[in-house]
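J.: Pasting a structure here, questions to come.
The values are calculated or read from the model by the stated rules, or taken from the named source; none is laboratory data. Bear in mind that the values here come from a model prediction, so they are computed numbers and not experimental data. Here the Cβ positions follow ideal geometry from the backbone for every residue, glycine too, while neighbour counts run over all protein chains shown. These accessible areas exclude ligands, DNA and RNA; they are computed on the full protein's heavy atoms, side chains included. Shrake-Rupley method; radii C 1.70, N 1.55, O 1.52, S 1.80 Å.
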There are 2 protein chains.
Amino acid sequence: MRQASARQARLTKPAGSLGVIEHLSVRLAGMTGRMDPPLRGAVVFTLAADHGVAAEGVSAYPREVTAQMVLNFLRGGAAINVLAREVGARVVVADIGVDADLPPHSALRAVKVRRGTDSITRGPAMTVDEAERAIEVGRSLVREQAPAVDVALTGDMGIGNTTASAALICALTGLEPELVVGRGTGVDDEGLRRKLDAVRGALQVNAGSIARGPIDTLAAVGGLEIAGLVGVILAAAEGRKPAIIDGFISGASALVAAAMEPAASGYMIASHRSQELGHGAVLDRLGLHPLLDLDLRLGEGTGAALAFPIVRAAVRLLNEMATFDEAGVSDRS
Amino acid sequence: MRQASARQARLTKPAGSLGVIEHLSVRLAGMTGRMDPPLRGAVVFTLAADHGVAAEGVSAYPREVTAQMVLNFLRGGAAINVLAREVGARVVVADIGVDADLPPHSALRAVKVRRGTDSITRGPAMTVDEAERAIEVGRSLVREQAPAVDVALTGDMGIGNTTASAALICALTGLEPELVVGRGTGVDDEGLRRKLDAVRGALQVNAGSIARGPIDTLAAVGGLEIAGLVGVILAAAEGRKPAIIDGFISGASALVAAAMEPAASGYMIASHRSQELGHGAVLDRLGLHPLLDLDLRLGEGTGAALAFPIVRAAVRLLNEMATFDEAGVSDRS
């Protein structure tokens, strides 16, 4: 990081004039231990799972959309597919907990831990063992792609998952649901009230589990794709690779990862500030500044993919720009 | 634009969940008259010129840096070269008013209108005829590249040009210099005072010209690269092509272009919000929302280049995403 900072100061531009990009290039040097980390292998891990709480009217979309969207991912028609093509990333689609029998597909990683979670308003979403297995699935998705992964991008699909994520964020941060619960896919005022009730209920009924620590909390009020992304983030950090964190759901995963392993936040890059209400507070807790603020609230890894070219640009600027000496340009007078 | 909006509503995502990107895709359809405008030919017009006011201690860098940086552009070592390579854009470097004899170079457009401007604190920077010729140079740079330009990105190089731009912005908006003048390349408090004095002096000594309208104002307190970029923006708009506006200097050019031809602002995309003090006010006047906010203050077209992948993504998302019907995904319940 010292070397990267020193080089930034010698490049042919006023010091600091590339703002956040300079800071990012220095952080990337710290994460990877090199000034020119390879970033060719960018993999979006888009993990899909269902949520018991979806039956309680917390989403604008019916539950079967989770499975339908997985098929859309596999056919390349979803937003994340388009963006991955645009930025030169690859999408790994994983069924970690969809409540449907998905047909085998060469591009689908079938790693179902269970068919959806139980409703967080009535008890724990899953057992602690299931949460740990889901984390391990996320880790192994990164490990099995290991040589091809220079940077991991997080993505999610799961009808109902902004409700579970909001509950998880409230449980981990102590924030009131009113400050965290947003409209997700776009629920109306009635739907928002149901989401708030669901989160409040989940926090109450699962209070005992929440007191036992982050993995118990994840099992109690989280979700299978949320747990899987915890594993993706931890595996990236363990491999000294940057993890580009998508939006609200990925932010909940990042909070769990940081609670389990505080050093992991050093490997996180916040891609964007989501439209979803509590996301700003999540980023503050993680000490991360988002690269983009485009009013996104789609998930899938779309924000991470949109931010990836900025990450790649940061590394290339540090390495490919001429220094004042090389270019024969006069430095500050 | 209606067709683009209607298609956005049918794509497999909650309506509005791509935020600013959706709005951008609709604007691009309006600009170009098609939902799938080609964006392969992205050209950064990086125009360089010197400023008489630079002799008055308003920059942290000596004046000869303008010419030195042009040579750096031609060798591919500057930030804009790196970013153009990263995003797949081409850089057209033009000497529209550098106060030096630059050696001929195949990649340099030698279109000097005059060797630098006179100091804006003592009278007009240039004559109205020179300003008009500089605008015409900018137009012809776009026209000569015409079939290869799908989108024009603006860029600048000129020691002293944040001072001229600040004066121009104050003159066109009526804003007080205290709200517009920033630290540019990074001047200290003394330098900032000198910049403020220079801008106040320029506005006073050129008050008569400023009262005569935007071209006289441009000639009085602007600069040759600023005038050239006015032409670049106007030519893009006339060709129904989007112009991605870089930062503070390009913003001053955009204000002049919009004052000359109000419809031109419909073709402008604001790439980023600069660290430079008055830039936010410029964007407000133009009615533009910046895509990025990365604390940049480098110029050259760097912000425009960083924003270009987002523009390209907006078009690809609109055209390549599957609709609910195509994908067999259930819409809102």
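J.: Is it the case that region B:283-298 has a residue that's small (Gly, Ala, Ser) and surrounded by 23 or more Cβ atoms within 10 Å (Cβ to Cβ)?
T.: Checked against the condition, which is being small (Gly, Ala, Ser) and surrounded by 23 or more Cβ atoms within 10 Å (Cβ to Cβ), region B:283-298 yields no hits at all.
J.: Could I ask something else about it? Kindly establish whether A:Ser271 is open to solvent by 10 Å² or more (accessible area, probe 1.4 Å), of a type in the set (S, T, N, Q), touching a residue at least 12 places away in the same chain (Cβ under 8 Å) and under 22 Å from A:His23 (Cα atoms).
T.: no
J.: Something else: I need every pair where a residue in region B:197-210 that is over 17 Å from B:Val128 (Cα atoms) has its Cβ under 7 Å from the Cβ of a residue that is buried (at least 17 other Cβ atoms within 10 Å of the Cβ) and among the aliphatic types (A, V, I, L, M), sequence separation at least 6 or different chains.
T.: That search, which allows pairs on different chains as well, returns B:Ala198/B:Val53; B:Ala198/B:Val58; B:Val199/B:Ala166; B:Val199/B:Ala167; B:Val199/B:Val181.
J.: Hey, another quick one. Checking B:Thr66 against (1) closer than 30 Å to B:Ile159 by Cβ; (2) without any contact (Cβ under 8 Å) to a residue 24 or more places away in the chain, which test does it fail?
T.: Tallying (1) closer than 30 Å to B:Ile159 by Cβ; (2) without any contact (Cβ under 8 Å) to a residue 24 or more places away in the chain, B:Thr66 fails exactly one: (2).
J.: Since A:Val256 meets every condition but one in (1) more than 19 Å from A:Thr162 (Cβ to Cβ); (2) open to solvent by less than 10 Å² (accessible area, probe 1.4 Å); (3) away from chain B (no Cβ under 14 Å), which condition does it not meet?
T.: (1)
J.: Are any residues in region A:310-326 at the interface with chain B (Cβ under 8 Å from one of its Cβ atoms) and either of a type in the set (S, T, N, Q) or open to solvent by less than 10 Å² (accessible area, probe 1.4 Å) (or both), and if so, which ones?
T.: A:Ile310, A:Ala313, A:Leu317, A:Met321
J.: Something else now. Within region B:1-19, which residues are in contact with a Gly (Cβ under 7 Å, 6 or more places away or on another chain) and within 14 Å of another protein chain (Cβ to nearest Cβ)?
T.: B:Thr12, B:Pro14, B:Ala15, B:Gly16
J.: Now for a different question. Among residues belonging to region B:68-84 that are touching a strand residue (DSSP E or B) at 6+ places or on another chain (Cβ under 8 Å) and small (Gly, Ala, Ser), point out the one that is farthest from the other protein chains (Cβ to nearest Cβ).
T.: In this case the residue turns out to be B:Ala84.
J.: Could you list, in sequence order, the residues of region B:126-156 that are open to solvent by less than 10 Å² (accessible area, probe 1.4 Å) and polar (S, T, N, Q)?
T.: Matches in region B:126-156: B:Thr154 only.
J.: If you go through region B:196-212 one residue at a time, how many are farther than 21 Å from B:Ala55 by Cα and out of contact with any helix residue (DSSP H, G or I) (no Cβ under 8 Å at 6 or more places or on another chain)?
T.: 4
J.: Answer yes or no: is there a residue in region B:43-51 that is more than 9 Å from chain A (Cβ to nearest Cβ), in contact (Cβ under 8 Å) with a residue 12 or more places away in the chain and under 24 Å from A:Leu292 (Cβ atoms).
T.: Yes; the residues of region B:43-51 include at least one that is more than 9 Å from chain A (Cβ to nearest Cβ), in contact (Cβ under 8 Å) with a residue 12 or more places away in the chain and under 24 Å from A:Leu292 (Cβ atoms).
J.: Of the conditions (1) open to solvent by 10 Å² or more (accessible area, probe 1.4 Å); (2) part of a loop (DSSP other than H, G, I, E, B), B:Ser17 clears all except one; give me its number.
T.: Status for B:Ser17: all satisfied but (1).
J.: So is B:Ser5 in contact with a helix residue (DSSP H, G or I) (Cβ under 7 Å, 6 or more places away or on another chain), among the hydroxyl-bearing types (Ser, Thr, Tyr) and surrounded by fewer than 17 Cβ atoms within 10 Å (Cβ to Cβ) or not? Walk me through how you get there before you give the answer.
T.: Working: in contact with a helix residue (DSSP H, G or I) (Cβ under 7 Å, 6 or more places away or on another chain): yes; among the hydroxyl-bearing types (Ser, Thr, Tyr): yes; surrounded by fewer than 17 Cβ atoms within 10 Å (Cβ to Cβ): yes.
Spelling it out, B:Ser5 is indeed in contact with a helix residue (DSSP H, G or I) (Cβ under 7 Å, 6 or more places away or on another chain), among the hydroxyl-bearing types (Ser, Thr, Tyr) and surrounded by fewer than 17 Cβ atoms within 10 Å (Cβ to Cβ).
J.: Which numbered condition in (1) surrounded by 23 or more Cβ atoms within 10 Å (Cβ to Cβ); (2) among the polar types (S, T, N, Q); (3) without any contact (Cβ under 8 Å) to a residue 60 or more places away in the chain is the only one that A:Thr117 fails?
T.: (3)
J.: List the helices (runs of 4 or more DSSP H) that sit entirely inside region A:179-274 and contain at least 2 residues that are among the charged types (D, E, K, R) and under 17 Å from the mean Cα position of the chain (by Cα).
T.: A:224-238
J.: On the phi > 0 side of the Ramachandran plot, open to solvent by 10 Å² or more (accessible area, probe 1.4 Å), modelled with pLDDT of 95 or more and not charged (D, E, K, R) - does that describe any residue in region B:168-176?
T.: As a first pass, look at region B:168-176 and keep what is on the phi > 0 side of the Ramachandran plot: B:174.
Add one more test, that the residue is open to solvent by 10 Å² or more (accessible area, probe 1.4 Å), and what stays is B:174.
Now narrow it down to the ones that are modelled with pLDDT of 95 or more: B:174.
If we keep only those that are not charged (D, E, K, R) as well, we get B:174.
Yes, region B:168-176 contains a residue that is on the phi > 0 side of the Ramachandran plot, open to solvent by 10 Å² or more (accessible area, probe 1.4 Å), modelled with pLDDT of 95 or more and not charged (D, E, K, R).
J.: Among the residues of region B:57-66 satisfying the criterion of being of a type outside the set (Lys, Arg) and crowded, with 20+ Cβ neighbours inside 10 Å, which is farthest from the other protein chains (Cβ to nearest Cβ)? If you could, list the steps in order and put the result at the bottom.
T.: Kept after step one, since they are of a type outside the set (Lys, Arg), are these residues of region B:57-66: B:57-62, B:64-66.
Checking which are crowded, with 20+ Cβ neighbours inside 10 Å leaves us with B:58-59, B:61, B:65-66.
Values: B:Val58: 12, B:Ser59: 8, B:Tyr61: 6, B:Val65: 6, B:Thr66: 10 Å.
It comes out as B:Val58.
J.: Give region B:20-42 a look and list any residue that's of a type in the set (D, E, K, R), away from every other protein chain (no Cβ under 13 Å) and part of a helix (DSSP H, G or I), or say none.
T.: Matches in region B:20-42: B:Arg27 only.
J.: Of everything in region B:248-266, what is of a type in the set (Gly, Ala, Ser) and over 19 Å from B:Asp216 (Cβ atoms)? Give them in sequence order.
T.: Within region B:248-266, B:Ser250, B:Gly251, B:Ala263, B:Ser265, B:Gly266 meet the criteria.
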